[in-house]
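See below for the structure under consideration.
The values are calculated or read from the model by the stated rules, or taken from the named source; none is laboratory data. For clarity, every value in this text was computed on a predicted model and none was experimentally measured. Don't worry about glycine lacking a Cβ; one is built from the backbone with ideal geometry, like all the others, and counts go over all protein chains shown. In case anyone asks, the SASA skips ligands and DNA or RNA and just uses the protein heavy atoms, side chains included. Shrake-Rupley method; radii C 1.70, N 1.55, O 1.52, S 1.80 Å.
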Amino acid sequence: MATNRKLPFGYEIRGGTVVLRPDEAEMVRWIYQQYIAGLSYETLTQKLCQQPVPYLPGKAWNKNMVARILADNRYIGAA
């Protein structure tokens, strides 16, 4: 049985190939840099809501979205 897997934030399928979305990938880098620098999920969320790149179209960022990105090992090269 086939399942639909949502691609991680920062990626999309184009022409049958998974490719990087540069604007979203930059947001992921920024999230990691700011978290390592000591920003809380709440502060990250507030700052992300001020950015033009949404997590999902029509939805504001929230702490769960930030936590999901930081917990996803695929961003650090682990499967």
Exercise. Please indicate, with yes or no, whether at least one residue in the stretch 65-76 is open to solvent by 80 Å² or more (accessible area, probe 1.4 Å) and within 10 Å of the chain's Cα centre (by Cα).
Key: yes
Quiz item: Out of all the residues in the stretch 35-43, is one or more modelled with pLDDT of 95 or more and either open to solvent by less than 30 Å² (accessible area, probe 1.4 Å) or under 12 Å from the mean Cα position of the chain (by Cα) (or both)?
Solution: no
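Within the stretch 49-58, does at least one residue satisfy the condition of being surrounded by 14 or more Cβ atoms within 10 Å (Cβ to Cβ), at pLDDT 95 or above and in contact with a helix residue (DSSP H, G or I) (Cβ under 9 Å, 6 or more places away or on another chain)?
Of all residues in the stretch 49-58, those surrounded by 14 or more Cβ atoms within 10 Å (Cβ to Cβ) come to 53-55.
Subset that is at pLDDT 95 or above: none.
No, there is no match, as no residue in the stretch 49-58 is surrounded by 14 or more Cβ atoms within 10 Å (Cβ to Cβ), at pLDDT 95 or above and in contact with a helix residue (DSSP H, G or I) (Cβ under 9 Å, 6 or more places away or on another chain).
Filter the stretch 17-34 for residues that are of a type in the set (A, V, I, L, M) and open to solvent by 60 Å² or more (accessible area, probe 1.4 Å); which is farthest from the chain's Cα centre (by Cα)?
Of the stretch 17-34, the ones of a type in the set (A, V, I, L, M) are 18-20, 25, 27-28, 31.
In the following step, the residues that additionally are open to solvent by 60 Å² or more (accessible area, probe 1.4 Å) were identified as 18, 20.
Values: VAL18: 15, LEU20: 12 Å.
Only one residue fits best here, namely VAL18.
Test of understanding: among ARG29, ARG5, ARG14, which residue is modelled with pLDDT of 95 or more and among the basic types (Lys, Arg)?
Details: ARG5 fails: modelled with pLDDT of 95 or more; ARG14 fails: modelled with pLDDT of 95 or more.
So the residue among ARG29, ARG5, ARG14 that is modelled with pLDDT of 95 or more and among the basic types (Lys, Arg) is ARG29.
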